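Q: So that we are looking at the same thing, I have put the structure below in structure tokens.
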Amino acid sequence: MDRIRIRGGNRLKGEIPISGAKNSALKLMAASLLTDQPVTLRNMPRLADIEAMADLLMQFGVTLNIRRGAGLGQSDTMRLHAATIESAVAPYDIVRKMRASFQVLGPLLARHGTAKISLPGGCAIGARPVDFHIKGFEALGAKIDLVDGYVIASAKDGLIGTMIDLPFASVGATENLMTGAVLARGRTVLKNTAREPETEDLGRCLIAMGAKISGLGTSEITIDGVERLSGVDYTVMPDRIETGTYAIATAMAGGEVELLGARAESNTVLYGLLRGIGTEVTQTNRGIAIHRNGVRPNSVDVTTDVFPSFPTDLQAQFMALMAISDGTSHITETIFENRFMHVPELARMGANIRVEGDLATVIGVERLKGAPVMATDLRASVSLVLAGLVAEGETIVNRVYHLDRGFERLEEKLSSVGADIERLST
């Protein structure tokens, strides 16, 4: 199993190209099931989760071709064609790898009328139930049973538009129900919806395919069902979590890095926090420039919440930054109840962190020390890499398959701006 070795202490300088957003690309791939015409997706990231979704879609009969980008920053282009849906079964062996596989439920029900989807897997960071999805589809007229770990759904006469008030602004439920409602009869109104940029990106793609959707980016989305959707040629938005990760990396290690293709509006809360601790954040005509002179950052408190608040997917990375800050910070996690699993690993590197329920108190230390550590989930694993960038000595991050699920060519991008980092194959 591969490992990543980091020798800390290097300042970062140069350019990092930002890949397409994983959390958008996966949902756009699922949306290709809604039409019998080809769907071309550009700026696709090269990730293990993308490969897993591709395997799942091919099980349904989707023809899939990928044109690979050659160098760093040259993205892949994917062509998907679901001319016919030959199967509507999503088996456990594939779905267990990532919970985004569950997003095929809406497109399959909408176009095919039936679906058998394994209950999802993914990172072990909390319960993340799918009951919002199930209740929503039942409101749209689907019959749903849970049998032997599978969701068995049918809507042989089609879905019917209705009003659905989500108990929580769930990204997955909003997107799944949106893809189901675009082909439903009549109007669907989704209330208390997710406002994340990736949800908007999915909506914009669906509109380009012929869907009638209004209210994207707000807490109420209205969808007027259409009879069919067409193919589309669409470019995936840049990944705001990857962007934020490299911005935090630069704030920790010091130096100056331009994040090519990054969008300022996707990470406004993070950039405000970084400026508050003494980091320069500047919008350029090519993206975002991050500059820090290497002085220890000041401590600052942060609370995760749904967009436009601070994203839970950057919490572990920000904790690594606060671990070397001057003072005490408090990090409150409101989204997932089990997302502090990186704390013991950071503690192995000398971080001083105390966890009580959903609150982590971080007392900054002057320096971290390299150590062998274990990645526990996708975002936690990259926080250990960031800690390694500033730690004395050598850090070995084990179980990096979590990283490969969500960060494209991480070690290449960081080494291109001066980090001493390499992948070790065993």
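Q: Do any residues in segment 352-370 that are without any contact (Cβ under 8 Å) to a residue 12 or more places away in the chain have Cβ atoms under 8 Å from those of residues that are in a loop (DSSP other than H, G, I, E, B) and not hydrophobic (A, V, I, L, M, F, W, C), where the two are at least six apart or on different chains, and which pairs are they?
A: Hits for this filter: zero, empty list.
Q: Being more than 19 Å from M178 (Cβ to Cβ), among the charged types (D, E, K, R) and touching a helix residue (DSSP H, G or I) at 6+ places or on another chain (Cβ under 7 Å), is that true of even one residue in segment 87-97?
A: yes
Q: Let me ask something additional. In segment 1-55, what count of residues is obtained for those that are under 23 Å from E198 (Cβ atoms) and either acidic (D, E) or assigned to a helix (DSSP H, G or I) (or both)?
A: Counting residues in segment 1-55 that are under 23 Å from E198 (Cβ atoms) and either acidic (D, E) or assigned to a helix (DSSP H, G or I) (or both) gives 21.
Q: Only residues that are hydrophobic (A, V, I, L, M, F, W, C) and closer than 11 Å to A247 by Cα: list them for segment 260-299, please. Talk me through it step by step, then tell me what you get.
A: First, pick out the residues of segment 260-299 that are hydrophobic (A, V, I, L, M, F, W, C): 260, 262, 264, 269-270, 273-274, 277, 281, 288-290, 295.
Once the filter is applied, which keeps residues that are hydrophobic (A, V, I, L, M, F, W, C) and closer than 11 Å to A247 by Cα, segment 260-299 yields A262, L270, L274, V281, I288, A289, I290.
Q: Within segment 171-186, work out how many residues are part of a loop (DSSP other than H, G, I, E, B) and under 16 Å from L216 (Cβ atoms).
A: 1
Q: Find the residue count for segment 386-421, including only residues that are part of a loop (DSSP other than H, G, I, E, B) and in contact with a strand residue (DSSP E or B) (Cβ under 7 Å, 6 or more places away or on another chain).
A: 8
Q: Could you please find all residues in segment 387-403 being modelled with pLDDT of 90 or more and under 16 Å from F340 (Cα atoms)?
A: Answer for segment 387-403, where residues must be modelled with pLDDT of 90 or more and under 16 Å from F340 (Cα atoms): just A387.
Q: Only one of (1) under 22 Å from D301 (Cβ atoms); (2) assigned to a strand (DSSP E or B) is not met by V373, so which one is it?
A: (1)
Q: Check L72, L80 and return the single one that is under 22 Å from C205 (Cα atoms) and either modelled with pLDDT of 90 or more or touching a Lys or Arg at 6+ places or on another chain (Cβ under 7 Å) (or both).
A: L80
The values are calculated or read from the model by the stated rules, or taken from the named source; none is laboratory data. Keep in mind that what you see is a predicted model, and the values were worked out from it rather than measured. All Cβ positions, glycine included, derive from the backbone under ideal geometry; neighbour counts span all protein chains shown.
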